[in-house]
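Written below as structure tokens is the structure these notes are about.
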Amino acid sequence: MAYKLSALKGAPVAITFFCCLLSYIVAAQSRVKGRVLNTSGEPLVNASVMLLRSGDSSLIKGMMTTQEGRFSFDKVASGSYLVTSTFIGYRQVSSNVFVANNDHIELPPLRLSQKEEKLSNVTIAARKPLIEQTIDRLVINVAGNITASGSTALDILERSPGVIVDRQNNSIAINGKDGVVVMMNGRINRIPISSLVPMLEGMSADKIEKIELITTPPASLDAEGNAGYINIVIKRNTQYGTNGSYSLTGGYSRGIIGLGSINFNHRKNRFNLYGDYSYNVDHTKQFFSFYHAVSNEGKFLENSSISNRRPMTDVHDGKLGFDYELNKKTIVGALVTIYNRRWIMDADNNSKNYINELPDTLVNLFIHEFHSTASVDINANLQQTYKEGNKLLVNLDYMHYNDENPVDYDNRYFDSKGMFLKEEDMKSSKTTPIDLWIAALDYSKNLNKKLQWEAGAKFTISRFTNEVRIDRLQQNNWTIDEALSANWKLNENISAAYSSLSWTVSAKTKMKLGLRYEHTNSNLGTEKEKDIVDRHYGRLFPSFFFTHTIDENNSAGFSYSRRITRPTFWNLAPFVIFMDPNTYFSGNPGLQPSIGDNINLNYTWKKKILSMSFSYEADPITNFSPKLDSINNKETLAAENQDNRKMVTISLSLPFTVTKWWTMQLNLNGSFQQINGWYNEQPLRLENKNLNLSGQQVFTLPKDFSLSLSGFYNSGGLFGVYRFPPVGSLDAGIQKKLASIKTTLRLNFSNIFNTMVYKPEINQPDKNLITSAELIFTRPAVKLTLTRTFGNDQVKAKRNRSAGNEEEKERLRL
């Protein structure tokens, strides 16, 4: 299982050479190719093209057109054929062609004219598979998933293959590795991960089209994040006129649940205005418990605490944007995104200390916490098309983020017999404003019919302030704790440039090579102590992708990429936050960035996907790593660098059509992980085998009813340096479509058996390290959702243009 980083460095070179050699072994064959256009000369994307035998009209081959409207049929035997093209809302067009041996025929463009008649009383529906594998990502199609209705984006991620969500520590991992970067419509969300998780918890899943898991990202994406990227694609409307939809959800789960969202799109001539808004309220009660123990001079010291939490959360999330086509080659756009979350919690905590299993002291705590996070993100973009396939994209972004987190503590201490000892009042506050300025330029050029070159540059400026203050009530006066209070400032600049080359070796074989360089300047300090962290470093990040279609049912792919995980602002700033009198959260200014190498192999057979990945990460950052003080049994949780992390993952995605009314999707993910590090100057090795099962069954019933069952099971694994035992959930939903009034009703039951209980633990008594927890964030819930569309529902052709986020997302595909 163990392997050296040096071995990995040579592997991509050897595999690249092997793949290049294979690509030349292509026999000369006859080829028929061409383009499908509309009457204005614009290419039609995803138009259906079929090659039929002239004699009996039997189907020989079929395909969908590319972004440039192109199609190509290879290895065509000599004879007479009919090439036919169709597209929704257009009339069918055909062209006769005779093929001789080794002919390479370029047909005149097939021009499709739009139908005059409207489509009335007709419903066009095509259900996408729940899981799809592309050259560089795994796609989870959320839209139309019954059990997703009324849920949040975080709920969907929690049930995605290989994804682990830690709600307590506000972190996300893929295949056991944290350092995930989250994108929205292809744009990186700059909100810190500790605040991004609550944001996703407030985002309605009804807004989401699909989620993409990108574990080996291409060079055009930032090298940040050893675990890879999660791209959440929000629904976009492509019809002309004014239209949209709204959704309302009401439910209960030991507290009220409410979700409401609306989106609209207005498209006329060259102008497109779009936007959405959602509001989420959740009063679900929570339960936490913690335990840690140490041995010191013959004494066994234990601390256990429980917390009954009554949080109230409300989240506002919205965006407003426009695209304007100045001419056929130039598009400008702007997008403003706003987010506001208010979290208010009262908690009753009980903390008990034991010495040699006998009660020592008891602490009753009442905690009142207010946590407000808000951000505004402004994007301006320009897309310039010079000629077919040659494009320039410019993006300018500014984001302001603010985090306010005051907490009041009322602590009462009792002896082992329950006699009152003392009262301690404390309050803490954390104020964190962040400003980011981002400029990015991307250019793509078709060098010839088989080669496409992409290049770009990006510059990011970050300014971060983190003011933490601890006050204690002493003789009726609030006194600041100078040792635990300070105002930290971090300035960080990241410059990046990349270049990549895409090569269509043949109609069935594609390759992509990329190289990215990033240089980081980072400085952290306080008013009293300057240059606590002052680092300047640059790294190269290569990537390689290869895919080969064997036949219409079989394809294979290979990918490699190198990644970096930089310490977050919060991880670096040496602040202290209290969980209880014996448990603290702290920063670590000594953290170093980690570098990871990732290899992925995948094979697809009739939409069934088998993939295997290998990764090696040097200096991995494990969040909330515990340190126990053996004298007073106090626990400090802070991010730490370990020596290395090695991981092997095997995934299998199995879609089945049992009958025409019963479809099934089953996902299996098995992994082996090894972490090597240190604790108290002693070597620490953690190993774990994990199995993750998830699935969904959809039953299409009469009278527009449908039923869905979905669930997941995780056999347990590693999250950082913690082990967690098995966890799982079962959900069910029923749906009724009311087509005459454009309405859908969904009744959804989630976490039916109340099995969403997380129990992370570390049990290393030989290293004097014993700690565990039990965390219950979600309870069984029932939700009723109404979704209704409004406005123009006439089927129209999608204008062949991309602006801002859409084009940025599409450029990531090979």
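The values are calculated or read from the model by the stated rules, or taken from the named source; none is laboratory data. Being a predicted model, the structure only gives us computed values, none of them experimental. Because the Cβ atoms are built from the backbone with ideal geometry, glycine has one as well, and the counts that use them run over all protein chains shown. Ligands, DNA and RNA are excluded from the accessible area calculation, which covers all protein heavy atoms including side chains. Shrake-Rupley method; radii C 1.70, N 1.55, O 1.52, S 1.80 Å.
Just to check your reading of the model, which residue among GLY538, GLY525, GLY514 is surrounded by fewer than 16 Cβ atoms within 10 Å (Cβ to Cβ) and farther than 30 Å from VAL76 by Cα?
Details: GLY525 fails: surrounded by fewer than 16 Cβ atoms within 10 Å (Cβ to Cβ); GLY514 fails: surrounded by fewer than 16 Cβ atoms within 10 Å (Cβ to Cβ).
It is GLY538.
Just to be sure before I move on: is PRO589 in contact (Cβ under 8 Å) with a residue 40 or more places away in the chain and surrounded by fewer than 17 Cβ atoms within 10 Å (Cβ to Cβ) in the structure I sent? Spell out how you get there, then give the answer.
Values: in contact (Cβ under 8 Å) with a residue 40 or more places away in the chain: yes; surrounded by fewer than 17 Cβ atoms within 10 Å (Cβ to Cβ): yes.
Criteria met by PRO589.
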Restrict the check to the range 604-626 and report whether at least one residue is in contact with a strand residue (DSSP E or B) (Cβ under 8 Å, 6 or more places away or on another chain), surrounded by fewer than 16 Cβ atoms within 10 Å (Cβ to Cβ) and farther than 23 Å from SER555 by Cα. no
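Have a look at THR657, THR604, THR622, THR649 and point out the one that is part of a strand (DSSP E or B) and either over 25 Å from the mean Cα position of the chain (by Cα) or free of Cβ contacts under 8 Å to residues at least 12 places away in the same chain (or both).
On the way: THR604 fails: either over 25 Å from the mean Cα position of the chain (by Cα) or free of Cβ contacts under 8 Å to residues at least 12 places away in the same chain (or both); THR622 fails: either over 25 Å from the mean Cα position of the chain (by Cα) or free of Cβ contacts under 8 Å to residues at least 12 places away in the same chain (or both); THR649 fails: either over 25 Å from the mean Cα position of the chain (by Cα) or free of Cβ contacts under 8 Å to residues at least 12 places away in the same chain (or both).
The conditions single out THR657.
Which of the residues spanning the range 277-287 are farther than 23 Å from TYR584 by Cβ and open to solvent by 20 Å² or more (accessible area, probe 1.4 Å)?
Just the residues of the range 277-287 that are farther than 23 Å from TYR584 by Cβ, to begin with: 277-285.
Listed by number, the residues that qualify are TYR277, TYR279, VAL281, ASP282, HIS283, LYS285.
Considering only residues that are open to solvent by 60 Å² or more (accessible area, probe 1.4 Å) and part of a strand (DSSP E or B), look in the range 318-330 and name the one that is modelled with the highest pLDDT.
Filtering the range 318-330 down to residues open to solvent by 60 Å² or more (accessible area, probe 1.4 Å) leaves 320, 322, 324, 326-329.
Then keep just the ones that are part of a strand (DSSP E or B); that gives 320, 322, 324, 326-327.
Working: LEU320: 94, PHE322: 91, TYR324: 91, LEU326: 91, ASN327: 87.
Per the criteria, the residue is LEU320.
Evaluate the following for TYR354: is it within 30 Å of ASN296 (Cβ to Cβ), assigned to a strand (DSSP E or B), over 24 Å from the mean Cα position of the chain (by Cα) and of a type in the set (Phe, Trp, Tyr)?
Working: within 30 Å of ASN296 (Cβ to Cβ): yes; assigned to a strand (DSSP E or B): yes; over 24 Å from the mean Cα position of the chain (by Cα): yes; of a type in the set (Phe, Trp, Tyr): yes.
Judged against the criteria, TYR354 is a match.
Can you tell which of ASP360, ASP377 is open to solvent by 50 Å² or more (accessible area, probe 1.4 Å) and at pLDDT below 95?
Working: ASP377 fails: open to solvent by 50 Å² or more (accessible area, probe 1.4 Å).
Answer to the check: ASP360.
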Might you check whether a residue that is free of Cβ contacts under 8 Å to residues at least 60 places away in the same chain, under 20 Å from TYR229 (Cβ atoms) and surrounded by fewer than 18 Cβ atoms within 10 Å (Cβ to Cβ) occurs anywhere in the range 497-507? yes
Report, by residue number, each residue of the range 299-317 that is open to solvent by less than 40 Å² (accessible area, probe 1.4 Å) and either farther than 23 Å from LYS207 by Cα or without any contact (Cβ under 8 Å) to a residue 24 or more places away in the chain (or both). LEU301, GLU302, ASN303, SER304, SER305, SER307, ARG309, PRO311
Could you check how many residues of the range 598-626 are within 29 Å of LEU654 (Cβ to Cβ) and of a type in the set (D, E, K, R)? 3
For SER555, are the conditions met, namely being at pLDDT 90 or above and farther than 30 Å from SER304 by Cα? no
Filter the range 345-391 for residues that are within 30 Å of ILE188 (Cβ to Cβ) and small (Gly, Ala, Ser) and give the result. SER372, ALA374, SER375, ALA380, GLY389
Result of the Cβ filter at 9 Å on the range 714-733, keeping first residues that are in a strand (DSSP E or B) and partners that are surrounded by fewer than 18 Cβ atoms within 10 Å (Cβ to Cβ) and among the acidic types (Asp, Glu), at least 6 apart or interchain, is LEU718/GLU687; TYR722/GLU761; ARG723/GLU761; PHE724/GLU761
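Which count do you get for residues in the range 468-488 that are assigned to a strand (DSSP E or B), crowded, with 17+ Cβ neighbours inside 10 Å and out of contact with any helix residue (DSSP H, G or I) (no Cβ under 7 Å at 6 or more places or on another chain)? Step through it out loud before you land on a result.
We begin by selecting, within the range 468-488, every residue assigned to a strand (DSSP E or B); these are 468-474, 477-480, 486-488.
Cutting the leftovers down to crowded, with 17+ Cβ neighbours inside 10 Å gives us 468-471, 486, 488.
Restricting the remaining residues to those that are out of contact with any helix residue (DSSP H, G or I) (no Cβ under 7 Å at 6 or more places or on another chain) gives 468-469, 471, 486, 488.
Result for the range 468-488: 5.
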Just name the residue that is most open to solvent (accessible area, probe 1.4 Å) out of those in the range 678-713 that are within 30 Å of PRO626 (Cα to Cα), of a type in the set (S, T, N, Q) and assigned to a strand (DSSP E or B). GLN682
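Could you list, in sequence order, all residues of the range 453-476 that are polar (S, T, N, Q) and under 17 Å from SER429 (Cα atoms)?
Just the residues of the range 453-476 that are polar (S, T, N, Q), to begin with: 460, 462, 465-466, 474-476.
Answer for the range 453-476, where residues must be polar (S, T, N, Q) and under 17 Å from SER429 (Cα atoms): THR465, ASN466.
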Only residues that are at pLDDT below 85 and among the aromatic types (Phe, Trp, Tyr): list them for the range 575-609, please. PHE575, PHE578, TYR584, PHE585
Answer yes if at least one residue in the range 169-181 is at pLDDT below 70, open to solvent by 20 Å² or more (accessible area, probe 1.4 Å) and over 29 Å from VAL648 (Cβ atoms), and no otherwise. no
With the requirement that a residue be over 43 Å from the mean Cα position of the chain (by Cα) and in a strand (DSSP E or B), what does the range 411-429 give you? TYR413, PHE414, ASP415, PHE420, LEU421, LYS422, GLU423
Taking ASP346 as the residue in question, decide whether it is more than 32 Å from the chain's Cα centre (by Cα), under 24 Å from LEU637 (Cβ atoms) and at pLDDT 90 or above. no
So the check is Cβ under 8 Å with 6+ separation or different chains; which pairs have a first residue in the range 737-765 that's more than 29 Å from SER253 (Cα to Cα) and open to solvent by less than 30 Å² (accessible area, probe 1.4 Å) and a second one that's in a strand (DSSP E or B) and among the small types (Gly, Ala, Ser)? ILE762/SER772
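Within the range 489-543, can you find the residues that are in a strand (DSSP E or B) and of a type in the set (A, V, I, L, M)? Break it down into steps so the answer makes sense when it comes.
So the first thing to find is which residues in the range 489-543 are in a strand (DSSP E or B), and the list is 489-504, 509-526, 533-543.
LEU490, ILE494, ALA496, ALA497, LEU501, MET511, LEU513, LEU515, LEU524, VAL533, LEU540 - these are the residues of the range 489-543 that are in a strand (DSSP E or B) and of a type in the set (A, V, I, L, M).
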Test set (1) surrounded by fewer than 17 Cβ atoms within 10 Å (Cβ to Cβ); (2) under 30 Å from ARG412 (Cβ atoms) - PHE290 fails condition number: (1)
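Could you tell me whether MET419 is surrounded by 14 or more Cβ atoms within 10 Å (Cβ to Cβ), under 30 Å from SER305 (Cα atoms) and modelled with pLDDT of 90 or more?
Values: surrounded by 14 or more Cβ atoms within 10 Å (Cβ to Cβ): no; under 30 Å from SER305 (Cα atoms): yes; modelled with pLDDT of 90 or more: yes.
No.
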Complete set of residues in the range 470-494 that are out of contact with any Ser or Thr (no Cβ under 8 Å at 6 or more places or on another chain) and more than 21 Å from TYR584 (Cβ to Cβ): GLN475, ASN476, ASN477
Residue satisfying all of: in the range 768-791; closer than 19 Å to TYR722 by Cβ and polar (S, T, N, Q); modelled with the lowest pLDDT among these: ASN768
Just the residues that are at pLDDT below 80 and surrounded by fewer than 16 Cβ atoms within 10 Å (Cβ to Cβ), please, taken from the range 236-270. ARG236, THR238, GLY241, ASN269
Given the conditions (1) crowded, with 16+ Cβ neighbours inside 10 Å; (2) closer than 30 Å to ARG254 by Cα; (3) of a type in the set (Ser, Thr, Tyr), every one holds for TYR354 apart from (2)
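For VAL394, state whether it is within 30 Å of ARG70 (Cα to Cα), at pLDDT 90 or above and not polar (S, T, N, Q).
Working: within 30 Å of ARG70 (Cα to Cα): yes; at pLDDT 90 or above: yes; not polar (S, T, N, Q): yes.
Answer is yes for this residue.
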